[in-house]
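The values are calculated or read from the model by the stated rules, or taken from the named source; none is laboratory data. Note that the coordinates shown come from a computational prediction; the quantities given were computed from them, not determined experimentally. Reconstructed Cβ throughout: ideal geometry from the backbone, glycine too, with neighbour counts over all protein chains shown.
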Amino acid sequence: MDNETTTTYRKIIHIDMDAFYASVEQRDNPELRGKPLVVGGPPEGRGGVVATASYEARKFGIRSAMPSKKALQLCPHALFVRPRFAVYKEVSQKIREIFSRYTDLIEPLSLDEAYLDVTDDKLNVGSAIEIAKQIKQAIKDELQLTASAGVSVNKFVAKIASDINKPDGLKFIGPSAIEAFMEQLPVEKFHGVGKVTADKMKKMGLHTGADLKKLTQDELTGRFGKVGKFYYQIVRGVDERAVQPHRETKSMGAEDTFAYDLTTVEEMNDELDKIAQAVYNRLLKYNLKGRTITLKIKYHDFRQITRNQSFPFPVGDLETIGNTAKQLLLASGIDDKRIRLLGISLSNFGEAAVKVKGDEVSEQLKLF
C-alpha cells in the first residue's frame, strides 16, 4: 500500500468593499450617482483630505489621503461631501452580520474589509468560492452595495486577489497557482511593501517576486531586517497567520485636523474637550481604562510631536482625559505656535483591556 499524505488547506476569503464611503453616499443620494465624488474635507480654506473617492473620480487620478485642493485641481467638477462615519459604521455592522451567517472566524481590518476563515462554514456550503459569491450577492441585494472578494489558502494571497478584478470582482488563486502568481507580482503590489521599501528594492534590482525568490532568507533579513523572513516565506506562498476574530486593543483615540490653524489656548482647549469626549465615549462602549494618556500635536508646518503621561492605575473618566491633555498641551510650549491637528489616545490597558470583536476601535475623528 502506498503511503500518501494529503495536504489540508485553509479556505480564506478577503472581502473588500468597493469605494465604501463614496458608494454609501451615492446609494443614499441618487443625485451623486455616476458623478466624480470625493468624500472628505472640503477644498475651501486650507483644505481637507480625501478619505475616499468614487470610481468616477479615481479616473482623474484622485486617491485617498490626497489633499482636497489637489483633488479639485485634477477634477474641477468633482463633488465634495463630508464623511458620515456613524452611517458607515452602521452599514459595516450589517455587512458583518452577513459574514456571520457563514463563519464566526471574522477578522475585521477596518470598516470596509475583513478576512473570513470558511474552512468549516456554518451552512456546510463547502466551497469558499461559492460562499464568496453568496456574500457578494447578499451585500448587493440587502445593502445595494458592491464588494470584491479574494479567495485562497492564506491571508496574504487572498488580500492581493481581492484587488485584482475591482470593482465587484472575485478572484480565486488556488494552491498550485500561488508560487507562479507570487513570482510575477511586482514588489510594490506586495501587501506591506510601501513606496519607500519598493524603491529600495528596485534600486537593488528586485522588481518582482521572482527576483526576491533568488535571495536566501539570510540575504533578505540582512537587507530588510526581520521582515525579510516574511518576504522569504510569502514569495513561496507560505503564510501561516490565522484569522483572528478577537484582536486585543492596543490603544484607543481620536483626533481632528482643523479647517484653520488654532492660535489661542482657548481654541485649543475647546477642541481638546470635543476630542476627549469622543475618546471617553469609545472607552465607555468597550469598558476600557488605560494607564497612559498621549497627546498628539501637529503644527502648521506639519512638524509633529507627542507628549504622554502615565498613571499608576487605569483611568478612563472624562475629566482626567481632558485635563491631562490640556496640561500636556501647556507643557509642550505652545506660545506663538499655530496648530493644525490635535489628538488624544489612551494605551497601556494591561489587565483592564478587553478583547474587541468585529470593530475598528482605533477609528478616529479623522482628517476633517
For this session: Go through Gly61, Gly45 for me and flag whichever is modelled with pLDDT under 95 and either of a type in the set (Phe, Trp, Tyr) or outside the structural domain of Ile339 (by TED's automatic domain parsing) (or both).
Result: Gly45
For this session: Pull up segment 123-146, narrow it to residues that are farther than 25 Å from Tyr21 by Cβ and of a type in the set (Gly, Ala, Ser), then point me to the one that is surrounded by the most Cβ atoms within 10 Å (Cβ to Cβ).
Result: Ala128
Exercise. Take the residues of segment 299-313 that are under 16 Å from Thr324 (Cα atoms) and among the hydroxyl-bearing types (Ser, Thr, Tyr): which is modelled with the highest pLDDT?
Worked result: Thr306
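Taking the conditions exactly as written (of a type in the set (Lys, Arg) and either at pLDDT 95 or above or assigned to a loop (DSSP other than H, G, I, E, B) (or both)), does Lys94 satisfy them or not?
Considered against the rule, which asks whether it is of a type in the set (Lys, Arg) and either at pLDDT 95 or above or assigned to a loop (DSSP other than H, G, I, E, B) (or both), Lys94 comes out as yes.
Can you name every residue in segment 239-295 that is among the β-branched types (Val, Ile, Thr) and part of a loop (DSSP other than H, G, I, E, B)? Even if it seems obvious, please write down each step before you answer.
If we filter segment 239-295 for residues that are among the β-branched types (Val, Ile, Thr), which is where we start, we get 243, 249, 257, 263-265, 275, 279, 292-294.
Scanning segment 239-295 gives Val243, Thr249, Thr263, Thr264.
Can you list the helices (runs of 4 or more DSSP H) found entirely within segment 127-197 that contain at least 2 residues being of a type outside the set (Gly, Ala, Ser) and touching an Asp or Glu at 6+ places or on another chain (Cβ under 7 Å)? Don't jump to the end; show me each part of the working.
Numbers: elements: 128-143, 155-162, 175-184.
Per the criteria, 155-162.
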Problem set entry | Leading residue by the ranking (nearest to the chain's Cα centre (by Cα)) among those in segment 67-100 that are surrounded by 17 or more Cβ atoms within 10 Å (Cβ to Cβ) and of a type in the set (Gly, Ala, Ser) | Ser92
For this session: Determine the pairs where a residue that is closer than 14 Å to Pro167 by Cα and not assigned by TED's automatic domain parsing to the domain that holds Met182, located within segment 143-154, has a partner that is surrounded by 22 or more Cβ atoms within 10 Å (Cβ to Cβ) and among the aromatic types (Phe, Trp, Tyr) with Cβ atoms under 9 Å apart, the partner being 6 or more residues away or on another chain.
Result: Leu145/Phe20; Ala147/Phe20
